[in-house]
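*Asks:* Got a structure for you, questions after.
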Amino acid sequence: MDEERTALVIELAKEFMELARQFEPSWIKGYFRFCSDGSKYGSNASYASDSKVMLVDPFKYQPFFSSMNDKGLILLKALNKEQGLFLLTIDASYNYTINFEYENLDRWRITKINGGTGVPIGI
């Protein structure tokens, strides 16, 4: 990745880590998933603690999701992609990883519906 893309990824990770400080004190890991199919886009997130996985409330944290979605669109554009998704994973030691997918836009869904755990599917 070039400097612009690297800076965007770091901004995304920093913003998610700042939000994570507002979770319960025992949070261990956080997951943020952004997806754009070219005509629509969106994101969701979850975090794990010692005993459970919780979804991040999109209404309570609307400014966070709005900012992250804007940055997500900029990152995909910087990658010259019309569509794609990324999964940003952070931990309580402030480490992060980011994974990208451009074909299978169903990959790494974060859900608790139909037996989902809140951890991205396939992780």
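Each value in this text was obtained by applying a stated rule to the coordinates, not by laboratory testing. Just so you know, these numbers come straight off a predicted model, no measurement behind them. Note: ideal-geometry Cβ built from the backbone for every residue, glycine included; neighbour counts use all protein chains shown.
*Asks:* On average over all directions, what projected area in square nanometres does the chain have, based on the convex hull of its Cα atoms?
*Replies:* Hull-based average projected area comes out at 7.6 nm².
*Asks:* Now for a separate question. For the chain, modelled as a GNM with alpha-carbon contacts under 10 angstrom, which of 89, 111, 97 fluctuates the most?
*Replies:* Looking only at 89, 111, 97, the biggest GNM fluctuation is shown by 97.
*Asks:* Exactly which trypsin sites (Lys or Arg not before Pro) in region 1-88 are in a DSSP loop and have at most 13 other Cβ atoms within 10 Å?
*Replies:* Those satisfying the criteria are 21, 40, 52, 60.
*Asks:* Can you compute the charge dipole magnitude of the chain about its Cα centre, using +1 on each Lys and Arg Cβ and -1 on each Asp and Glu Cβ, nothing else charged? Give it in debye, rounded to the nearest 20.
*Replies:* About 340 debye.
*Asks:* Can you give me the Kirkwood hydrodynamic radius for region 2-64, using every pair of distinct Cα atoms, in Å to one decimal?
*Replies:* Taking every pair of different Cα atoms in region 2-64, averaging 1/r and inverting gives 13.0 Å.
*Asks:* Going down the list 40/112; 52/81; 52/77; 77/112, which pairs span over 28 Å between their C-alpha atoms?
*Replies:* 52/81; 52/77; 77/112
*Asks:* Separate question: Quantify how much of the Cα-Cα distance distribution of region 69-123 extends past 13 Å, in percent.
*Replies:* For region 69-123, the share of Cα pairs beyond 13 Å comes to 66 percent.
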